[in-house]
Amino acid sequence: MVAGALFGHATILTNFFVALLEFIAMIFVLRAARRVDPVWIVSIALVTTPLQAHEIGLPISPHRILIPAALLVLILRMPGARIRPNLEFRPVHALLAIGGVYVILSALSTGTLLKTEAFYTMTDRFGLLSFALFFVAPVLFRTKRQQGILIAFMVALGAYLGILALLETAHAYGLVWPRYIANPNFGDNFGRARGPFVESQANGLAMFQCAVFAGLGYARWRGWPRLLAGGVAALLVLGVLLTLTRGAWLGAGAGVIVTMLLFRQLRPYLLPIGLTCIIGLGGALVVSPGLRKKVFNRASNQATVYARQGSDSAAVNMLKAKPLLGFGWYSFKQKSGPYFKDGKDYSLQSVDTTKEVPNVFLSNAAELGLLGGGLWLWGVLAAFGGAIFRRGPPELVPWRMAACAVGIAWLVVSAFSVTDFSFPCFVAWIVAGIAGGS
């Protein structure tokens, strides 16, 4: 008991000092960036988000400081943001705010609010920081120039992720940076294209999102930048395949197909683009027997399916036990033990009962109940549905297409993983915010 109390105090002190360090760092960033257009701050924050800060010698991930600093520059109307119009508060923002209050109260009642991992999962998986980016995105990326800055950063990041995917697949780890990617004992899915996330699912979703931005660049740019954007998009399509992750494949495929069917301007290109992807990816499998073997092995591997079924079943059992309010935010790992049961197709020996349930929808439902999980899902559907179907100026049509593609992919992948990686969540909500602007 004494040891537990001491550990608890030590954790609280550690979290306090981390928060203090972030606050001090943000003050310095604000002083330096108060006259800078916040679009630069957010764009830099986004492309550095995939990096594991501690593994490259940083005490804090840059986006934990840069994004709040950019929000303050914008909201406080500092010199770098004074020429922008006022922020528009709509009913969808109120819905997201209610959901945010609910999850905070749930964490407070469960005692997880002051736990670092639980707090960051709240900002990332549930999306508190993403909600804020969605709110400011129409103003933050209002002009064509500001949108172009974001596109350029994302295309550059996509080129980096695509090249990394090739190097990892070729086992050319001596050329990989950061070096922690080459460490088989760090992260998950070593041997696949897992990138700086050191997790193939997040990397695949991120590469698809960057491919969508490359498509925006291809439609907008001319000359060699347009050729570059097209080349990066093709490289990223191959990169998604190289993740050897079914969730990423399904998410990318669903995002492309649904978007091209939904927007009549894109329907004539569905067959040519589909055939091009099939021929290109099929050619890669024919040329590389090793890659072909890996892809078919992953497609037929049932072990991860059984493990996912076990965790999903535990989440459903928890929801049945406390359907309205759930067990409290970030409580699955601590309270799910009694709810794991052997299934018809799997045994508990194939299930890791110490991890989060690899399904955001079930995870939110088990921890927040039908009330909190329903608020989250309602907010997501309202935000992305409004972004896709809301009538706006013609120049936002490409962004509506992008919102549909990244939104569908993000939701599909959310059904196969926890997706508490910051980058894919931020990108999805920023695109939805831009597309839903007036």
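Length gained on full extension, W177 to A219: 12.1 nm, using 0.36 nm per residue less the C-alpha separation. Ratio of Rg to Rh for segment 34-145: 1.00 [Cα atoms; Kirkwood radius as inverse mean 1/r over pairs].
Taking 8 Å as the Cα distance limit and 6 or more residues as the minimum spacing, I'd like the relative contact order of segment 134-255 as a percentage. Please list the in-between numbers first.
Values: 166 pairs, mean separation 33.8, N = 122.
Here the relative contact order equals 28 percent.
Packing, as the average of other Cβ atoms within 10 Å across residues, places the peptides 108-119, 35-46 in the order 35-46, 108-119, highest first. The length gained by stretching the chain between F186 and N317 to full extension, at 0.36 nm per residue less their Cα-Cα distance, is 44.0 nm.
Heavy-atom accessible area per residue, segment 356-438, 1.4 Å probe: how many Å²? Present the calculation step by step, with values, prior to reporting the outcome.
On the way: 2420 Å² over 83 residues.
With the other protein chains kept in place, segment 356-438 gives 29 Å² per residue.
Eigen-decomposition of the gyration tensor built on the alpha-carbon atoms of segment 118-228 gives equivalent ellipsoid semi-axes of 28, 22, 9 angstrom, largest listed first.
Give me the percent of the accessible area of segment 65-208 that comes from carbon and sulfur atoms, probe 1.4 Å, all protein chains in place. Taking all protein chains in place, segment 65-208 shows 68 percent carbon and sulfur surface. Dimensions of segment 122-180 based on its C-alpha atoms, expressed as ranges along the principal axes with the largest first, amount to 43, 32, 15 Å. Each residue of segment 87-104 was assigned a 3J(HN,Hα) from its phi angle through the Karplus curve 6.51 cos²θ - 1.76 cosθ + 1.60 (θ = phi - 60°); the sequence is 5, 9, 9, 10, x, 5, 5, 5, 4, 5, 5, 5, x, x, 4, 4, 5, 5 Hz, with glycine and proline shown as x. Ranked by the mean number of other Cβ atoms within 10 Å of their residues, highest first, the peptides 263-270, 371-378 fall in the order 371-378, 263-270.
The values are calculated or read from the model by the stated rules, or taken from the named source; none is laboratory data. Just so you know, these numbers come straight off a predicted model, no measurement behind them. Backbone-built Cβ (ideal geometry, glycine too); neighbour counts: all protein chains shown. Please note that ligands, DNA and RNA were not included when accessible areas were found on the heavy atoms of the full protein model with its side chains. Shrake-Rupley method; radii C 1.70, N 1.55, O 1.52, S 1.80 Å.
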